[in-house]
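What follows is a single structure, written as structure tokens, with notes after it.
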Amino acid sequence: MRSGTGDKIMSMTNFPANENSSSNGVPITKVTMPALAEMKRQGKPISALTAYDYPTSRLADEAGIDLILVGDSLAMVVLGHENTLAITVDEMLHHTRAVHRAVRRALVVADMPFGSYHGTVAEGLSNAIRFIKEAGAEAVKIEGPRVELVRALTEAEIPVVGHLGLTPQSVHRMGGYRVQARTAETVLALKTDAMALAEAGAGIIVLEGVPREVAAAITAELPIPTIGIGAGPDCDGQILVFHDLVNLTFAAPAKFVRRYADAAGLMRTAIERYREDVERHTFPSDEESYHLPEAVRQALDIPQTPGALRKA
Ligand code: KIV
């Protein structure tokens, strides 16, 4: 859609007149980190989803998703990289801004990209501040048991989401995307890391690619919510990558992905139909065209187009 292409001003970024109400008039209560902690206490499941742009974030928010993660999976599912390592802070900021513009209710969490917090704590802190200050993120997510950084971010009033288990930024160390914590030793290490992150101030921990039993045990012990992806149903919440959920990827889904729609099929068919219509000259129709006022057409001696003649 374009603004100002005709009599009506059209914009996809308009919100309903009452900014603080949903389209059905229900007041919007902003989701915050403390609100998510309260959901754990009350045993209410937390729904989370990744999103990277205005329309999908807005749809996720309007569908009532509690937490929207601008994940660095964007590198793969939107930008076509082989893994998440190449994406930069500036690219992540660009997408976080778009999500921030779309979301009114969900907590917006920005993923800190590889390299942006792997040096000194001071570097991690200043990069995290950029996500809050320049892009409107309400929390940042970091992978691994970086306890000192979590403490520093918490002291700087930046809510932190930790991420343990299968951490995609460690793909080279892990030797691929493999389920983690399958031995007694690694299960105990994961539990210790989760407790340490919570103690350092993390508000949520994402558990990715770990056995259901491990995620369940950690969820039961931790005072803060866990959000699982490939971690079974016993976490306090679940997250999926948007493009997996709607089938907008070009690879076979992982075992833990449930496809709720076939966006690729829908979009492929729509694009093919459009191409065929262009090739057959059936798009655009006369009704989809703008017309000169009749007097101007006649004054300029411009012939009527066949479509306009048919209409007359
Ligand atoms: O980047 C991402 O999408 C993530 C989720 C899979 C948790 O980190």
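Values computed for the structure shown
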read-out	value
Where a residue in region 71-99 is within 9 Å of the ligand (Cβ to nearest atom) and its partner, wherever it lies, is open to solvent by 40 Å² or more (accessible area, probe 1.4 Å), with Cβ under 7 Å and at least six apart	Ala75/His81; Ala75/Ala86; Thr84/Met76; Thr84/Phe114
Candidates Thr88, Thr84, Thr50, Thr56, filtered to the one that is open to solvent by less than 50 Å² (accessible area, probe 1.4 Å), of a type in the set (Ser, Thr, Tyr), more than 28 Å from Ile28 (Cα to Cα) and modelled with pLDDT of 95 or more	Thr84
Any chance Thr219 is closer than 20 Å to Leu164 by Cα and in a helix (DSSP H, G or I)	yes
Cβ pairs under 7 Å, 6+ apart, first in region 240-258 and closer than 20 Å to Asp53 by Cβ and among the polar types (S, T, N, Q), second open to solvent by less than 30 Å² (accessible area, probe 1.4 Å) and within 14 Å of the ligand (Cβ to nearest atom)	Thr249/His243
Qualifying residue in region 35-46 (condition: within 11 Å of the ligand (Cβ to nearest atom) and crowded, with 22+ Cβ neighbours inside 10 Å)	no
Elements of type strands (runs of 3 or more DSSP E) contained in region 62-179, each with 2 or more residues being touching a helix residue (DSSP H, G or I) at 6+ places or on another chain (Cβ under 7 Å) and farther than 18 Å from Gly230 by Cα	107-111, 139-143
From the options Val161, Val147, residue that is over 23 Å from Lys255 (Cα atoms), crowded, with 20+ Cβ neighbours inside 10 Å and not acidic (Asp, Glu)	Val161
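Yes/no per residue for (1) open to solvent by 70 Å² or more (accessible area, probe 1.4 Å); (2) within 14 Å of the ligand (Cβ to nearest atom); (3) over 22 Å from Ala184 (Cα atoms):
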| residue | (1), (2), (3) |
| --- | --- |
| Val210 | no, yes, no |
| Glu221 | yes, no, no |
| Ile229 | no, yes, no |
| Ile271 | yes, no, yes |
| Glu288 | yes, no, yes |
| His291 | yes, no, yes |
| Glu294 | yes, no, yes |
| Gln304 | no, no, yes |
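The values are calculated or read from the model by the stated rules, or taken from the named source; none is laboratory data. All of these numbers come straight from a predicted model, not from anything done at the bench. Ideal geometry is used to build each Cβ from the backbone, glycine not excepted, and the neighbour counts take in all protein chains shown. Please note that ligands, DNA and RNA were not included when accessible areas were found on the heavy atoms of the full protein model with its side chains. Shrake-Rupley method; radii C 1.70, N 1.55, O 1.52, S 1.80 Å.
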